[in-house]
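Handing you a structure now.
The values are calculated or read from the model by the stated rules, or taken from the named source; none is laboratory data. Computed from a predicted structure; not experimentally measured. So basically every Cβ, Gly included, is an ideal-geometry build from the backbone, and we count neighbours across all protein chains shown. Calculation scope for accessible area: heavy atoms of the full protein, side chains included, ligands and nucleic acids excluded. Shrake-Rupley method; radii C 1.70, N 1.55, O 1.52, S 1.80 Å.
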Amino acid sequence: EPAARIAEMLKDVTSYEGEDAVFECRLTRETTQDAQWFLGDVPLQSNEMNEIRVQGTHHTLTLRKVTLEDCGSISFKVGQHTSTA
C-alpha cells in the first residue's frame with residue numbers, strides 16, 4: 001500500500017480553560033497505517049478527555065475541557081510524516 005502523506009497540516013489552536021480544543025488533519029488517502037496523536041511526547045488515546053475520530057482521510061482530535069496542564073504542542077504522526085501545532 002502506498003504511504004499516506006499529510007495533505008492538510010495542523011493549525012495552532014487557542015482556547016480558554018474549560019473549553020474544548022479541536023485539531024484537524026487531512027491525509028492524501030485513506031490508510032491502514034497507524035496514525036497517532038501526541039500531546040508533547042505522550043501518545044493520546046480516545047477516552048473521556050480526548051476524542052479521536054477518523055472519517056476517511058480526515059483525522060480529528062478533540063481535547064475536552066482543557067486545563068493549563070494541556071498547554072503544549074500537539075502532534076499527528078502517520079508513517080514517516082508529522083504535523084505539529
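Subtracting the Cα-Cα distance from 0.36 nm times the residue separation, let me have the gained length for D34 to A85 in nm, one decimal.
16.4 nm
Okay, moving on. Charges at C-beta only: +1 for Lys and Arg, -1 for Asp and Glu. How large is the resulting dipole of the chain about its Cα centre, in Debye rounded to 20? Mind dumping the intermediate values first?
Values: 8 positive and 14 negative charges, 68 e Å.
Computed about the Cα centre, the dipole is about 320 debye.
How much FRET efficiency would the formula 1/(1 + (r/R0)^6) give for A7 and D41, where r is the Cβ-Cβ distance and R0 is 25 Å, rounded to 0.05? Please list the in-between numbers first.
Numbers: r = 25 Å, r/R0 = 1.00.
Computed FRET efficiency for A7 and D41: 0.50.
Can I ask one more? Express in nm, to one decimal, how much length is gained between T62 and V22 on full extension, taking 0.36 nm for each residue of separation and deducting their alpha carbon distance. Walk me through the numbers before you get to the answer.
Numbers: separation 40, 0.36 × 40 = 14.40 nm, distance 0.44 nm.
Once the chain is fully extended between T62 and V22, it gains 14.0 nm.
How much of the pair distance distribution for the chain lies past 20 Å, counting alpha-carbon pairs only, in percent? Please report the intermediate quantities before stating the final value.
Values: 1001 of 3570 pairs.
That fraction is 28 percent.
Turning to a different aspect of this structure: Using 20 Å as the cut-off for backbone N distance, which residues of region 18-32 belong to the label zone defined by a point 7 Å from the Cα of Q55 along Cα→Cβ?
Within reach of a label on Q55, which here means backbone N under 20 Å from a point 7 Å along Cα→Cβ, region 18-32 contributes 20-32.
Also, I was wondering about something else. Could you tell me the accessible area of V54 in Å² (1.4 Å probe, neighbours in place), rounded to the nearest ten?
Probe radius 1.4 Å; accessible area of V54 about 90 Å².
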